[in-house]
Amino acid sequence: MLTLVMLTLLAVPPVEVEVFVPLCDNALIDCGRAPAGAPRALETNLYWGAMYGAERYLSRAPGFKVVSREPGPEGSVVLRELVLERTPAKGERPVRLRLHAYAGDAIDTALEDFLRAAAGASRADLLVWAGHDRLMDREPPQVKAPPDATPRPVVVLACMSEQYFGPVLKALGASPIALTRTLMAPEAYLLEALATTVARHGPTEPKALRAALVDAYARYQRISPRAAGSVFSKLPTSQVAP
């Protein structure tokens, strides 16, 4: 019986979450100390190596293990590829996160790659942008969907992403699962909350995912749930339970 249970667990494919992390760049926004805003300094960057940076936080989070940590392709502005897996509890699915750390001074390339992935170039179950909202600074890039592509569900953890990313994602046919309405900190405890909720509810449950993001943001920012709720976009009326 135990063997059958183990085989059943092994047969369940992990939910694939692909995360685009452009490193913080003091030339674009105030990242804090100089090392935190050095756009190619993985170990000290605010969005990657700081306390709540993607790699430092998730590699130490309970239930997460690092599967691989590799430099990006030669000549690429991707500085590191990090793959983590979250161990499922009873009734949960395994989740695999693939994070791309882009040089902060190459954020435009990261943006184009993310939008292209959202249009269907990626086969991940959920795509996440976690970093500065570059669309606040520039016009959207021209991105074409690959032939026969299926646009993906997406989460954008960036300041005011409903206003800036929302129309662009809609034009690409992508499905926004969670966006933001205000200035915010795209820190890695939000990625942890997403992974945990995806394991329990799947990658396309806006109500559950939004609730998890609000709860995590309230706890780590030490603000009220109501204040944290104002950060994230409201659910469409059709998705709000009576």
Residues of the range 148-198 being acidic (D, E) and without any contact (Cβ under 8 Å) to a residue 60 or more places away in the chain, in sequence order, are D148
Quick one: in the range 143-159, which of the residues that are in contact with a Pro (Cβ under 9 Å, 6 or more places away or on another chain) and not in a strand (DSSP E or B) is least open to solvent (accessible area, probe 1.4 Å)?
-> A158
Residues of the range 72-88 satisfying the condition of being in a strand (DSSP E or B) and either without any contact (Cβ under 8 Å) to a residue 40 or more places away in the chain or surrounded by fewer than 18 Cβ atoms within 10 Å (Cβ to Cβ) (or both) | V78, R80, E81, L82, V83, L84, E85
Among the residues of the range 214-232, which ones are touching a residue at least 40 places away in the same chain (Cβ under 8 Å) and touching a strand residue (DSSP E or B) at 6+ places or on another chain (Cβ under 8 Å)?
-> V231, F232
Positions within the range 179-204 being farther than 22 Å from L46 by Cα and among the small types (G, A, S), in sequence order | A199, G202
Specify which of the listed residues (R60, R56, R96, R69) is open to solvent by 20 Å² or more (accessible area, probe 1.4 Å), of a type in the set (K, R), in contact with a strand residue (DSSP E or B) (Cβ under 9 Å, 6 or more places away or on another chain) and closer than 29 Å to G32 by Cα.
-> R69
Looking at (1) open to solvent by 40 Å² or more (accessible area, probe 1.4 Å); (2) at negative phi; (3) touching a residue at least 40 places away in the same chain (Cβ under 8 Å); (4) not in a strand (DSSP E or B), find the lone condition where G91 falls short.
-> (2)
Mind counting the residues in the range 44-62 that are farther than 13 Å from C24 by Cβ and either in a loop (DSSP other than H, G, I, E, B) or in contact with a Lys or Arg (Cβ under 7 Å, 6 or more places away or on another chain) (or both)?
-> 5
Go through the range 162-178 and give me each residue that's under 24 Å from N45 (Cβ atoms) and under 16 Å from the mean Cα position of the chain (by Cα).
-> F165, A178
Hand me the list of helices (runs of 4 or more DSSP H) wholly inside the range 164-242 holding 1 or more residues that are open to solvent by less than 20 Å² (accessible area, probe 1.4 Å) and under 26 Å from S59 (Cβ atoms).
-> 188-201, 206-221, 225-229
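The values are calculated or read from the model by the stated rules, or taken from the named source; none is laboratory data. This structure is a prediction, so every number in the text was calculated from the model and none was measured. Neighbour counts are summed over all protein chains in view; Cβ atoms, including those assigned to glycine, are modelled from backbone coordinates with ideal geometry. All accessible areas refer to the heavy atoms of the entire protein, side chains included, with ligands and DNA or RNA removed. Shrake-Rupley method; radii C 1.70, N 1.55, O 1.52, S 1.80 Å.
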